[in-house]
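The values are calculated or read from the model by the stated rules, or taken from the named source; none is laboratory data. Since this is a predicted model, take the numbers as computed values, not measurements. Cβ placement follows ideal geometry from the backbone for every residue including glycine, while neighbour counts extend to all protein chains displayed.
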Amino acid sequence: PPSARELARLFAEAVAGRAAPPGAVPPRSAPRLRRAGLRAALLGSLALALVAGGVALLWQRGEEPARRPAAAAPKLDPRRTDDLLRALGAEVFVSSQLRSKNAAAANLVDGRLDTAWNSRPGDLEGAWLAFRLPASAHVHAILLTVGFTKTEAKGRDLFLMNHRIARVRVVRDGRSLGERALDIADRGLQRIPIDGAGGEYRLEVTSVVPGTRASWREVCVSELRVPGELAPGQAPRPGASPIVRVGYDPPLAASLIASELTAPESAPRLARRLLGEIGERARRPLASALNTRGVRLEREGKAEDALELYLASAELDPSYGMPRYASARLYAQKGDREGCLEQLTELKALGRAQTDRLRRALSDEAFAAVRDDPRFKALIP
């Protein structure tokens, strides 16, 4: 590269040439102008020499001039995920399923919008889908389609031909979070804001719009996703995929019984139906849910409703002692001596495991009205 001295000389000559071109006749004031031009030339030469010297030094070292560092990429929160269901291999449940290989419940979480879960025919308003997440997770929203979004190659639009969901109720751990209207014209994933902890979520269909094919009477959902955040210290499970089940499992069935959305008078009937659908493994969870609901009603001052649930719980699981003691207390408090003694007799028949519970009746003020009865004394070990 040219040296700094050579660059300065060339710059000075160029400035001097502009000030007095060859052959020009300078006016009387030319010496003053020339002196000013020379000063400007010298200052410019010095500045250029300094810059040129720095550049030449970098060239000699094989370096480039310093550049402004690029802005750092924003850090991503490793706990955030587009779908907690897939990240954790969560359990997903549906109310029913159409008997067709193209309508499987697993289609709900396969990541595709050209497949769909279909409920059984007639399972429309009242159909539901649910999922269970760790309470330590944080749910941002629930995303789902309102129908079957596929259009077939022959032009059949399955979105318009099937029923579409117009409204759903969101329930978390048995408590309603309210209802949400959905856009039946929107084929994409629709967002239901949550911003809450994990737990057991259920979407209950409360309103549908019929499709153009009258004989198709199923709820259809192409995809379900749950964006959110994992718990601190928790990582996605590699290769995990959601586990999809048709119908309730015992914990989910029990949560339905305990839910405030289930009227107390209908809870025993629902419990018996669910027991028939699920089988013996659900007997104690359902009975426990009835008892828990009874305790809640008793605390609210609804003793008669509570008593009905205690008795239903004991009937559903005859080996369960807790509802028998609770019903005996309420009978004693309402002055029904015979009802109280009957429940205590059945409690004692369950064996030595109930001894502590029976002895508790001696100090429980609810039994004050029957303590003088010899039959009561004979029941206490």
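Summary table below
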quantity: Residue check, LEU330 at pLDDT 95 or above, touching a helix residue (DSSP H, G or I) at 6+ places or on another chain (Cβ under 8 Å) and over 30 Å from LEU270 (Cβ atoms); calculated: no
quantity: Criterion (out of contact with any Cys (no Cβ under 9 Å at 6 or more places or on another chain), within 30 Å of ALA103 (Cα to Cα) and of a type in the set (D, E, K, R)) met by exactly one of ARG272, ARG337, ARG293, ARG299; calculated: ARG272
quantity: Within segment 260-275, tally of residues that are assigned to a loop (DSSP other than H, G, I, E, B) and either in contact (Cβ under 8 Å) with a residue 24 or more places away in the chain or closer than 22 Å to PHE93 by Cα (or both); calculated: 5
quantity: Hey, GLY233 of a type outside the set (Phe, Trp, Tyr), in contact (Cβ under 8 Å) with a residue 24 or more places away in the chain and either under 21 Å from ALA87 (Cβ atoms) or surrounded by 17 or more Cβ atoms within 10 Å (Cβ to Cβ) (or both) or not; calculated: no
quantity: Per-region count, segment 162-193, residues over 13 Å from LEU144 (Cα atoms) and either in contact with a strand residue (DSSP E or B) (Cβ under 7 Å, 6 or more places away or on another chain) or aliphatic (A, V, I, L, M) (or both); calculated: 11
quantity: Subset of segment 179-203 [within 10 Å of the chain's Cα centre (by Cα) and either of a type outside the set (A, V, I, L, M) or part of a loop (DSSP other than H, G, I, E, B) (or both)]; calculated: PRO193, ASP195, GLY196, GLY198, GLY199, GLU200, TYR201
quantity: Segment 131-178, residues that are more than 20 Å from the chain's Cα centre (by Cα), among the hydrophobic types (A, V, I, L, M, F, W, C) and assigned to a strand (DSSP E or B); calculated: ALA166
quantity: Candidates ALA263, ALA258, ALA289, ALA303, filtered to the one that is aliphatic (A, V, I, L, M), farther than 30 Å from THR81 by Cα and crowded, with 23+ Cβ neighbours inside 10 Å; calculated: ALA289
quantity: Any chance VAL208 is touching a Lys or Arg at 6+ places or on another chain (Cβ under 7 Å), closer than 22 Å to GLN97 by Cα and in contact (Cβ under 8 Å) with a residue 40 or more places away in the chain; calculated: yes
quantity: Scope segment 276-335; condition in contact (Cβ under 8 Å) with a residue 24 or more places away in the chain and polar (S, T, N, Q); matching residues; calculated: SER288, ASN291, THR292, SER313, SER319, GLN333
quantity: Selection status of ASN107, modelled with pLDDT under 95 and not in a loop (DSSP other than H, G, I, E, B); calculated: no
quantity: Inter-residue pairs, beta-carbon under 8 Å, first touching a residue at least 24 places away in the same chain (Cβ under 8 Å) and in segment 115-128, second part of a loop (DSSP other than H, G, I, E, B) and β-branched (Val, Ile, Thr), 6+ apart; calculated: ALA116/THR145; ALA116/THR149; ASN118/VAL219; SER119/VAL219; ASP123/VAL219; LEU124/VAL219; ALA127/VAL219
quantity: Counted residues, segment 221-248 - those being on the phi < 0 side of the Ramachandran plot and at pLDDT below 85; calculated: 2
quantity: Some residue of segment 249-257 being small (Gly, Ala, Ser) and either at pLDDT 95 or above or within 14 Å of the chain's Cα centre (by Cα) (or both); calculated: no
quantity: Elements of type helices (runs of 4 or more DSSP H) contained in segment 333-381, each with 3 or more residues being farther than 17 Å from LEU307 by Cβ; calculated: 355-360, 374-379
quantity: Candidate set: segment 157-190, residues that are basic (Lys, Arg) and at pLDDT below 95; chosen: the one surrounded by the fewest Cβ atoms within 10 Å (Cβ to Cβ); calculated: ARG175
quantity: Any hit, segment 266-283, residues being modelled with pLDDT of 90 or more, of a type in the set (A, V, I, L, M) and under 24 Å from LEU144 (Cα atoms); calculated: no
quantity: Inter-residue pairs, beta-carbon under 8 Å, first over 18 Å from LEU124 (Cβ atoms) and of a type in the set (Phe, Trp, Tyr) and in segment 167-194, second outside any strand (DSSP E or B) and at pLDDT 95 or above, 6+ apart; calculated: none
